[in-house]
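Asks: This structure is in structure tokens; I'll ask about it shortly.
Taken together, the values in this text are just the output of simple stated rules run on the coordinates, not laboratory data. Fair warning: this is a prediction, and the values are worked out from it, not measured in the lab. We place every Cβ from the backbone using ideal geometry, glycine too, and count neighbours over all the protein chains shown.
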Amino acid sequence: MKTTTRLALSFSLLTLLLLVVFGATFSLASYAVISRQIKDDLHIEAKEVVKEHIKAQDGRLIYTEGADGKSLSDHLINDEVSAFIWNSNKELMGSFGILSSDGEDDFVATDAGPLEIEGNDEIFAEALASGSVQFSSRSLGTTREMVILTYPLKFGDQTLGVLQLGKQTDTIRQILSTDALILLILLPLGISLSMLVGIFEVRRTFSPVRSMVRNINRIQTSDLNTRLKTVGHPEDDLVLLSRSFDRMMDRLSEGMDRQKQFIANASHELKTPLARAVSSLDVLLREDGQPVESLDTIKHDLLEMGALIDQLLFLARYDEKGMPSKTNEQLNLREQIEKALQSQQRSLEEKDLTAVYDVDSTIILSTVPDHLFILLTNLLSNAVKFSKPGGTIEIACQKDHFPLTITIADHGIGMSADDLEHLFDRFYRGAQGKSFARGYGLGMAIVREICSIYEIGIEVKSKPDEGTTVTLLFSPE
């Protein structure tokens, strides 16, 4: 069963339930209201009968005509009420109205017999003893019912008998029958109508979903520009879903663009060391004697290309899954700096640079060794590349105040404000940097990714021809 059909059916069943509950509630309310009205009418009728037609004379009950000249019987027949009058000995003194003692409805057994109502002895006794009004009911045959009011006849301090008034409740039965008939007619109509309305509304509600499905099916990896753009209330669930999907597509499109740019840049950068290696091989093939210098150049270019590939793979893994999960270790900061300097030893010697560092040997950092090594090596590599020959690179650590800082400063060519703004962009190299030193523009991008993962602050200050200072601010453990 389709979702739309299932929802429409659920809507119809809910409508059916509401109709049944409404019909039952309305019928019960009608029954209660009419029953209350009948009892109130009987109570008022009893007071009128006593006031106008029943008197006490010498300790016994007598009948009189009303002020309008009507007899008690005429009065009751006009109001569709039956009356039975009993003395205090429970002797029937008279029956009046629609039903009498000899009526075909067998309201009483005989002219002089007691009223045959279930529990009437108790009702009669309670009315005489307490002087309070009592209500009861009696079935007349199989289709009708009568509400009976037992009203004590008190004159002064004496209760001389009781007046019992009865009124048929055919009106209630008719209303209940009419309600049931209306409900039987409305149920199939209501179910059919609610089914049609339900199907229409569900289809109308789900039309944006169909549109979303069509748009999603059109999306290809070569074209990620399709957006759903569902129109509706900002808080509507489908609108929220559509906007979430569009934001996801924005991220995917942005990621694909970055990946394409990454591949294009990587391909371009890999060609450079490969071209140099091929050129050196060509020279080697034409030279006589020992080609030591050419072989050394080839080796250096291949090592440089291997380092570039490592950097590319590092960034690719980070873009795909974030920083690889590894276990932190307690590392001596001075030893890690010395290890990073050792990796740059050849470059330091080639440019006759001096590295000066003042780091307390007791400083311990809890981090991943590989990541700390990459962080320090990339910063030192940049300092070496852009330092002038014979210069000095200064490494300092400050632990006496929060946070712990590591500063790496050179006195090289420095950077312009524009180059500093793009310092952490992948493959970006400033105009002056391109002419001064070889590189691929990936080192500082990797530094930024590592710092963001470990919540390490990084500050860079630089001026052209004065040098660059990079400060790392480590958060507490």
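Asks: Go through the stretch 87-96 residue by residue and turn each phi into a ³J(HN,Hα) via Karplus (6.51, -1.76, 1.60, θ = phi - 60°); whole Hz please, and just put x for glycine and proline.
Replies: Running phi through 6.51 cos²θ - 1.76 cosθ + 1.60 with θ = phi - 60° gives 8, 5, 8, 6, 9, 5, 9, x, 10, 9 Hz.
Asks: Within the set LYS51/LYS154; LYS90/LYS154; LYS39/LYS167; LYS70/LYS154, which residue pairs have Cα atoms separated by over 20 Å?
Replies: Over 20 Å apart, Cα to Cα: LYS70/LYS154.
Asks: ³J(HN,Hα) across the stretch 24-39 via Karplus (A = 6.51, B = -1.76, C = 1.60, θ = phi - 60°), whole Hz, x for Gly/Pro?
Replies: 5, 5, 5, 5, 5, 5, 4, 4, 5, 5, 5, 4, 5, 5, 4, 5
Asks: Right, another one. Tell me which residues come under 5 Å, amide H to amide H, from LEU442 once H is placed; ignore anything under 5 positions away on its chain.
Replies: When sequence neighbours closer than 5 places are left aside, the close amide H contacts are PHE427.
Asks: Determine, for TYR151, TYR63, the number of other Cβ atoms within 10 Å of each Cβ, and report the residues in order from fewest to most.
Replies: Sorted ascending by nearby Cβ count, the order is TYR63, TYR151.
Asks: Taking loop as defined by DSSP and a crowding limit of 10 other beta carbons within 10 Å, which trypsin sites (Lys or Arg not before Pro) in the stretch 1-65 fit?
Replies: Counting only loop positions with at most 10 other Cβ atoms within 10 Å, the trypsin sites (Lys or Arg not before Pro) in the stretch 1-65 are LYS2.
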